[in-house]
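The values are calculated or read from the model by the stated rules, or taken from the named source; none is laboratory data. As the structure is a prediction and not an experimental result, all values here were calculated from the model. We place every Cβ from the backbone using ideal geometry, glycine too, and count neighbours over all the protein chains shown. Ligands, DNA and RNA are excluded from the accessible area calculation, which covers all protein heavy atoms including side chains. Shrake-Rupley method; radii C 1.70, N 1.55, O 1.52, S 1.80 Å.
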Amino acid sequence: MTHIITARGLTKTFRVKKAVVDAVTDLDLDVQRGELVAFLGPNGAGKSTSLRMLTTLLPPTSGTATVAGHDIATDPAGVRARIGYIGQGTSAGHNQRVRDELLSQGAFYGMSRTDAAARADELLESLDLGALATRKVLGLSGGQKRRLDIALGLIHSPELLFLDEPSTGLDPQSRANLWQHLLELRREHGTTIFVTTHFLEEADQFAERVLVMDHGRMIADDTAANLKTTLAGDVITLGFASEADARAAASRIPTSSTTGSTVTATVDRGDLLLPRLIRELDSVTSATLRQPTLDDVFLALTGRSLRETEGAHA
Amino acid sequence: MTMTTATWNVLTRELRPVLRDPFSLIFSLLQPLVFLGLFGPLLVASSPAPASQTLQSFVPGILVMIALFGTGTTGSNLLYEMQTGSHERTLVAPIPRSSLLVGRALKEMVPIMVQACVMALVTIPFGFSVNPIGLLLGLVLLAIFGLGFGALSYSLALASRNNDWMFWGIQQATLFPLMILSGMLLPLDNAPQWMQVAAAFNPISYVVSAERSLLAGDLASMATVGGFVAAAVLAAIGLGVGIRAMKKAA
Ligand SMILES: Nc1ncnc2c1ncn2[C@@H]1O[C@H](COP(=O)(O)OP(=O)(O)OP(=O)(O)O)[C@@H](O)[C@H]1O
Ligand SMILES: [Mg+2]
């Protein structure tokens, strides 16, 4: 079996009073064993709902899915035994101590006391929680709680790991640390990782596949590089001494536009084109190349910037 | 994982905070101590019977009160865990959902045991005499009652997951009537007819009578049997409703 996640027509509608909320519509998904998939989309897009269906927390309104070889509807216990899940909320009980909660989690996943204790200490150490081992969860800072959530999700080294915005609330160092952990898990155990995030750079840097969801529908599914070239493209901006020079140059660059003495063009492989343009147009006085981000991809897909949407909701 | 192992694991998790902070158990005795210290003397003064006799009926009532209030509010913990996400974490763990309820309900027995023992010991110097075997059986009775009432409190929490005001509303609206209509503090012998009828439908009345009878050393009375039957029925209903609610939880 090569697909560790297969979903067909997965749909979830909530009924709140009289209103119907289409949280996820017709999700089709195939994830290969060992893949690292990033799941992007603005607030309310349906990312968490998708994850909660795949992890058996929510029954789908319609559609089917097989996760780690087991059907989410007919064999949820089979799915749960094989996955790890780090939810969007705080996983640890507020009145528990940090290390105690890790031991309980180990026991829930069938680990022996000694295995759980050894693994707990390892994770406490590597997630920089060692000094907090006997502290109550209630008194931890937001980022410390988040690191504990991550430790709880990793304790049993699952073959498939779902993470719902694991990096929210983490400082840059803790984020780097989190990714180091995830990459290590992958290298050592071939773990499949399915992660939602609002940090586009993370998705860009680490995920080999990016899914974009908007209004409950999947609107893109490809590598970050492909999405950027097909949907956004490189932006070249050239400055000239005079407006006349700019206009003359623009006539030689297809799909360009001129503002004053500046010419802007969206192109493929701007890194190759820019040096050529500079050689050919000796009137150029300044040149910049901006390579697209996933935000440009989202803008191209929906006409909205992911960052703007974020801001509007936050 | 078997139901027994899973239940044990859930129970262990629930007991950890208690073991880490045993003083919290004593601290939560403040409320019953207030009743004992402020209500007890009133009761003794207003009754023609000697103080020791009043205590004999009052202390067992206080013990049931500990169990009633201790377990009646325990659902709030689950409610909080449902809101933060730690309940969700246990729902994706590969353990039977029923163990999440049973383990939690079983845990309720532990604080009750400790608190009831402390309370019984505290009152002995004031003339309360207790039959040791009766106390032991009385603790078992309280444990069964606490298990059932705790399970009901968890069920209420699961039912109020989207409206936490419902949990507090229902809890406030039921605990005091249940307490008063069980003859726990004031005997209902002179109460109006309708109150006596209501008390007859209140399972806690039977638990209170049985507790009085047991602590007085009357081990094989009808009251004792009635109390155990009432507690067992309550536990069966509590666990049944709670397990169903937990299995439907998302
Ligand atoms: N239990 C629920 N009851 C009613 N509506 C819900 C429920 N859970 C989610 N929704 C709705 O479903 C939609 C999708 O929500 P979801 O939590 O999946 O979004 P998301 O992509 O994870 O967003 P975020 O980035 O903010 O975490 C939203 O409109 C949300 O209000
Ligand atoms: Mg979400």
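Per-residue shielding of B:14-20, expressed as the average number of other chain Cβ atoms within 10 Å of the residue Cβ, stands at 4.
Electrostatic bookkeeping for A:ASP214 treats Lys and Arg as +1 and Asp and Glu as -1; over the other residues with beta carbon under 11 Å from its beta carbon, the sum is +3.
Candidates A:SER242, B:TRP168, A:LEU54 compared by Cα position along the dipole of the protein assembly as shown: farthest toward the positive end lies B:TRP168, with charges placed on Cβ. Look at the stretch B:94-106: the mean tally of other chain Cβ atoms within 10 Å of its residues' Cβ atoms is 2.
For the peptide B:70-82, the mean number of other protein chain Cβ atoms found within 10 angstrom of a residue's Cβ is 1. Comparing the full protein assembly with the isolated chain, the residues of the stretch A:46-89 losing at least 40 square angstrom of accessible surface (1.4 Å probe) are A:LEU57, A:ARG80, A:TYR85.
Between the listed residues B:ALA245, B:THR123, B:SER24, the Cα displaced farthest toward the positive end of the dipole of chain B, a dipole computed from Cβ unit charges relative to the Cα centre, is found at B:ALA245. Taking both sides together, the accessible area buried where B meets A is about 2500 Å² for a 1.4 Å probe.
Think of each Lys and Arg Cβ as +1 and each Asp and Glu Cβ as -1; about the Cα centre, that makes the dipole of chain A roughly 880 debye. For the protein assembly as shown, the share of DSSP beta bridges that are antiparallel, to the nearest 5, is 70%.
Only Lys, Arg, Asp and Glu carry charge here, each on its Cβ (+1 for the first two, -1 for the last two); on that basis the stretch B:21-120 has a dipole of about 140 debye about its Cα centre. Within the same chain, aspartates and glutamates fewer than 8 places from A:LYS145 are excluded, and of the rest, those with a Cα less than 19 Å from its Cα are A:ASP100, A:GLU101, A:ASP121, A:GLU122, A:GLU125, A:ASP128, A:ASP164, A:GLU165, A:ASP171, B:GLU81, B:GLU88. Sorted on the mean count of surrounding Cβ atoms within 10 Å across their residues, most packed first, peptides B:130-138, B:10-18 read B:10-18, B:130-138.
Looking at the stretch A:3-228, the DSSP beta bridges with both ends there are about 60 percent antiparallel. The dipole here belongs to the protein assembly as shown: it is taken about the Cα centre, uses +1 on the Cβ of Lys and Arg and -1 on the Cβ of Asp and Glu, and is about 1220 debye.
Given B:GLY85, B:VAL208, A:THR11, which one lies farthest toward the positive end of the charge dipole of the protein assembly as shown, if we put +1 on the Cβ of every Lys and Arg and -1 on the Cβ of every Asp and Glu? Sorting the options by dipole projection puts first B:VAL208. Protein heavy-atom surface of the stretch A:3-228, 1.4 angstrom probe: 48% of the accessible area is carbon and sulfur, with nucleic acids and ligands not counted. Only protein atoms count toward the accessible area here, which uses a 1.4 Å probe; on the stretch A:234-291, the carbon and sulfur part of that area reaches 51 percent. Measuring from centroid to centroid over Cα atoms, what is the spacing of the stretch B:215-247 and the stretch B:76-140 in Å? One Cα centre to the other: 15 Å. The lysines within cross-link reach of B:LYS248, meaning a Cα-to-Cα straight distance under 21 Å and a gap of 8 or more places when in the same chain, are A:LYS12, A:LYS17.
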